[in-house]
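Some notes on the structure that comes next.
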2 protein chains.
Amino acid sequence: MLGAIEAGGTKFVCAVGDEKGRITDRIQIPTTTPEETLPKVIDFFKKYPVEAIGIGSFGPIDVNLESPTYGYITSTPKPGWRDYPFVQTIQDTFDVPIGFHTDVNAAALGEATFGAAKGLDSCLYITVGTGIGAGVLVQGQLLQGYSHPEMGHILVKRHPKDAYQGKCPYHGDCLEGMAAGPAIEARWGVKGVRLAEREEVWELEGYYIAQALMQYILILSPKKIILGGGVMNQKQVFSFVYRYLEEFLGEYVSLPELSEYIVSPGLGNDAGITGALLLGDRARAESRKE
Amino acid sequence: MLGAIEAGGTKFVCAVGDEKGRITDRIQIPTTTPEETLPKVIDFFKKYPVEAIGIGSFGPIDVNLESPTYGYITSTPKPGWRDYPFVQTIQDTFDVPIGFHTDVNAAALGEATFGAAKGLDSCLYITVGTGIGAGVLVQGQLLQGYSHPEMGHILVKRHPKDAYQGKCPYHGDCLEGMAAGPAIEARWGVKGVRLAEREEVWELEGYYIAQALMQYILILSPKKIILGGGVMNQKQVFSFVYRYLEEFLGEYVSLPELSEYIVSPGLGNDAGITGALLLGDRARAESRKE
């Protein structure tokens, strides 16, 4: 039996299940402080004979196995979680192999195994919600290098008619600063869900997301792109994404039909927790090799 | 003994050597048409008992092993080379394993094995010359997915004082359209080598390259970045790249000291041909496994 944690900024999802992605029990816990949230996580897993635990976490996190702070959540502004030894805290109670990646890398793995990119060794998973993040599978491996990707903060060209200054505390008008949920709300004065009928809102959103996809495609050449997160529930964004992306690419690269290449998650909201199970499975397999 | 081909738009470099990167003979051949260039390539290798050949090629190329046009140079505007079966033509004479990647992926492999990123399993190699291209090694593998990266054509924000319209026939003011050698010449009216004393030329160049590096870092998180190509012989660009990159990143990600993180090629002009030898070595190793 495998354990899985999808650690998000507002809630933790914990589950037990198997490497086929079958979940036999699950629980949701609000993300408050580590002292309050993690004992509830630990209590949940104590009920089960878990052989390994996979964690897909909000970030930034330290995923470098050779680093002294491997397994930490690092420079988050979230109270109590900055420089917090996440993996170590779980490991103190459960002496089992633990897999640790970003929440979006976990979701990419979930989608590539059982979801919209099933069977592919390469896919990009993007979430557009309160923030923008992306995970990517490259030739079967979750991408990491010096650290993990931070794709939500790439630079974008402003739309010539968009005067909004941007909401990112680090970069102002980076992608997240212009296109995440809070930017939509700040630009138009009401939450995105109340703007469903306003075409100009979603055209502008499509403009920025298409720019991001242009960069991701030219740099990563993924075999499939999955666009999830709360904002992407506004399905009308997809057609603007396709239209602008076609315009930006200018027939320079050949791609599959865009409506089949850039799609919604096949696992819905379960991409992350399913991927976390798979991270647990990979950690178990690694430990058996040793 | 291994054979290596670095196939460029203006010249082919062919070499024989070993997996330690030692080159025992080499030749340069002008790139004209395949009918003229390739027989000279073949004649060179006929003199040697090569066990495998590695090719790092200008592109776009088809690197998908499952594609019917694997091994082809595809949509290049270069007369005679469009939809040309490059690997097959070499294979017709030499019945040995052939490795085939982009020239810049080969250079990334060369630099990660014997050059400025020696011993790392991750590096990004960028060339800024008559075009802009980049190759990348991720967890020891040369990145490819649906196709190979085309990083030179990413979008950039214009410098507010830069009125030049851009030179890319596909995208106008993409990175290559604004920052490759021909763009510098078109913007300032003379070739870059004659502008060495004009600080504003290289500050603007650094502005665009730093933007590109921001995107590459946030998306790929390479362990080392190597900046080569003719334009980067203007070493004064580096300090502008560091300055602008620091400004753009806004302390959002922690990186090594930039002057150690972003460097010139350790192998000078031999990164590509050395990498091609290593591609030959990998192809030989693969064929032994089968």
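Points worth noting:
- Annotation: B:D83 fulfils all but one of (1) closer than 26 Å to B:C123 by Cα; (2) within 13 Å of chain A (Cβ to nearest Cβ); the unmet one is (1).
- Against the test of being surrounded by fewer than 23 Cβ atoms within 10 Å (Cβ to Cβ) and among the β-branched types (V, I, T), the options A:T74, A:T127, A:T102 yield a single qualifying residue, A:T74.
- Verdict on B:K46 being on the phi < 0 side of the Ramachandran plot and modelled with pLDDT under 95: no
- Residue-level check: of (1) away from chain A (no Cβ under 14 Å); (2) crowded, with 18+ Cβ neighbours inside 10 Å, B:P60 misses just (1).
- Selection count where residues are of a type in the set (A, V, I, L, M), more than 20 Å from the chain's Cα centre (by Cα) and under 17 Å from A:A108 (Cα atoms), scope the stretch A:1-60: 0
- Selection from the stretch B:50-69 of residues that are in a loop (DSSP other than H, G, I, E, B) and closer than 11 Å to B:H101 by Cβ: B:G59, B:V63
- Criterion: among the basic types (K, R) and touching a strand residue (DSSP E or B) at 6+ places or on another chain (Cβ under 9 Å) - qualifying residue of B:K161, B:K167, B:K191, B:K157: B:K157
- Residue among B:V237, B:V253, B:V231, B:V241 that is within 27 Å of A:P77 (Cα to Cα) and among the aliphatic types (A, V, I, L, M): B:V253
- Among all residues of the stretch B:91-105, there is at least one that is part of a loop (DSSP other than H, G, I, E, B), within 16 Å of B:A7 (Cβ to Cβ) and touching a helix residue (DSSP H, G or I) at 6+ places or on another chain (Cβ under 9 Å).
- Within the stretch B:143-153, the set of residues being at the interface with chain A (Cβ under 7 Å from one of its Cβ atoms) and under 13 Å from the mean Cα position of the chain (by Cα) comprises B:L143, B:H148, B:P149, B:E150, B:M151.
- Those residues of the stretch A:117-144 which are small (G, A, S) and assigned to a loop (DSSP other than H, G, I, E, B), in sequence order: A:A117, A:G119, A:S122, A:G129, A:G131, A:G140
- The stretch B:130-142 - residue that is within 20 Å of B:S75 (Cα to Cα) and either surrounded by fewer than 24 Cβ atoms within 10 Å (Cβ to Cβ) or facing chain A (nearest Cβ under 9 Å) (or both) and, of those, nearest to the chain's Cα centre (by Cα): B:A134
Residues are listed down the side, and each one gets a yes or a no for (1) touching a strand residue (DSSP E or B) at 6+ places or on another chain (Cβ under 9 Å); (2) not assigned by TED's automatic domain parsing to the domain that holds B:L220:
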position: B:V96; (1), (2): yes, yes
position: B:G99; (1), (2): yes, yes
position: B:E111; (1), (2): yes, yes
position: B:G177; (1), (2): yes, no
position: B:A180; (1), (2): yes, no
position: B:E185; (1), (2): no, no
position: B:V201; (1), (2): no, no
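- Residues of the stretch A:1-42 that turn out to be of a type in the set (D, E), farther than 22 Å from A:R284 by Cβ and touching a strand residue (DSSP E or B) at 6+ places or on another chain (Cβ under 9 Å), as a count: 1
- Subset of the stretch B:86-108 (residues that are more than 14 Å from chain A (Cβ to nearest Cβ) and closer than 30 Å to B:S264 by Cα): B:I98, B:G99, B:F100, B:D103, B:A106, B:A107
- Residue check for B:R284: in contact (Cβ under 8 Å) with a residue 40 or more places away in the chain, basic (K, R) and more than 14 Å from every other protein chain (Cβ to nearest Cβ): yes
- B:A276 vs. criteria under 25 Å from B:K118 (Cβ atoms), touching a strand residue (DSSP E or B) at 6+ places or on another chain (Cβ under 9 Å) and not assigned by TED's automatic domain parsing to the domain that holds B:R22: no
- Residues satisfying the stated conditions in the stretch A:260-272, i.e. over 17 Å from the mean Cα position of the chain (by Cα) and loosely packed, with under 15 Cβ neighbours inside 10 Å: A:E260
- B:G280 closer than 22 Å to B:V104 by Cβ, in contact with a Ser or Thr (Cβ under 9 Å, 6 or more places away or on another chain), part of a helix (DSSP H, G or I) and modelled with pLDDT of 95 or more: no
The values are calculated or read from the model by the stated rules, or taken from the named source; none is laboratory data. Keep in mind that this is a model prediction, so the values were computed, not measured. So basically every Cβ, Gly included, is an ideal-geometry build from the backbone, and we count neighbours across all protein chains shown.
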